[in-house]
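A.B. asks: I'd like to ask some things about the structure below.
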């Protein structure tokens, strides 16, 4: 207890949790246009708390109504950020609990495996021949909203088909390919671009689209640069540029159950 304030261990714990959540949310939006809106909302909230403390009843009531409606406004304005925040928390929980190898016990059936070797083989070919490509790999089926405007394929994953899709003279080579579980689900897909403002100038639309899709989903986006012949991949809104094929393969084998 400090004077008229009652402050105990529970209050300290409460403050710590709120501060941690705010910090994690700030990390997600610190390099986006949403950061300024976040500052304004925090500023209005602290003004409201101050007004209530000095008993300005009319202004306090008005700001109270604004903050009440503001919860809905926050969910609308920060829809993508809130979604990404929940996805990051879910991804961290899955890694900590190693859920990728326990899902078949929960679902009562074996989880579909990812044909990693076929994907890696096609990536090596695309890299060596400097053919630009963007491939989204996921073991989840809940990604239809991202590829529904693309060309449906629904074919077994094989390196020859992937190479053909990204060949420079084909109609689908400019879009992204979605590999969901053991199928090439769609090609020629247009993806949402990231709103981050801190990216290097030399990253093109493929890299920005890779970051954008992984900000909104928990898959892996693999990029092959036709200018540099580099392989990069994005996960959880972070991009790793110029990685070795072995590094990419190890990452995929860690995240997914590989098909033998």
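The values are calculated or read from the model by the stated rules, or taken from the named source; none is laboratory data. In this text, all values refer to a predicted model and were calculated from it rather than measured experimentally. Every residue, glycine as well, gets a Cβ built from its backbone with ideal geometry; the counts of neighbours run over all protein chains shown.
This table checks each residue for (1) at pLDDT 75 or above; (2) surrounded by 10 or more Cβ atoms within 10 Å (Cβ to Cβ).
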position	(1), (2)
27	no, yes
42	yes, yes
51	yes, yes
55	yes, no
84	no, yes
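A.B. asks: Only helices (runs of 4 or more DSSP H) wholly contained in the stretch 150-260 count here; list those with 3 or more residues that are modelled with pLDDT of 90 or more and over 14 Å from the mean Cα position of the chain (by Cα).
C.D. replies: Helices (runs of 4 or more DSSP H) meeting the threshold: 159-165, 245-255.
A.B. asks: On to the next question. Please count how many residues of the stretch 136-156 are touching a helix residue (DSSP H, G or I) at 6+ places or on another chain (Cβ under 7 Å) and closer than 14 Å to residue 219 by Cβ.
C.D. replies: Of the residues in that region, 3 qualify.
A.B. asks: If you don't mind, another one. So residue 71 ticks every box in (1) exposed (fewer than 10 other Cβ atoms within 10 Å of the Cβ); (2) at pLDDT 75 or above; (3) at negative phi but one. Which box is left unticked?
C.D. replies: Result: residue 71 passes all but (2).
A.B. asks: While we're on this one: Please go through the stretch 174-202 and give me each residue that is touching a strand residue (DSSP E or B) at 6+ places or on another chain (Cβ under 6 Å) and buried (at least 21 other Cβ atoms within 10 Å of the Cβ), ordered by number.
C.D. replies: 175, 176, 177, 178, 179, 180, 184, 185, 186, 187, 189, 191
A.B. asks: Right, something else. Among the residues of the stretch 99-108, are any at pLDDT below 85 and part of a loop (DSSP other than H, G, I, E, B)?
C.D. replies: Within the stretch 99-108, one or more residues are at pLDDT below 85 and part of a loop (DSSP other than H, G, I, E, B).
A.B. asks: Output the residues belonging to the stretch 130-149 that are more than 20 Å from residue 115 (Cβ to Cβ) and assigned to a helix (DSSP H, G or I).
C.D. replies: 144, 145, 146
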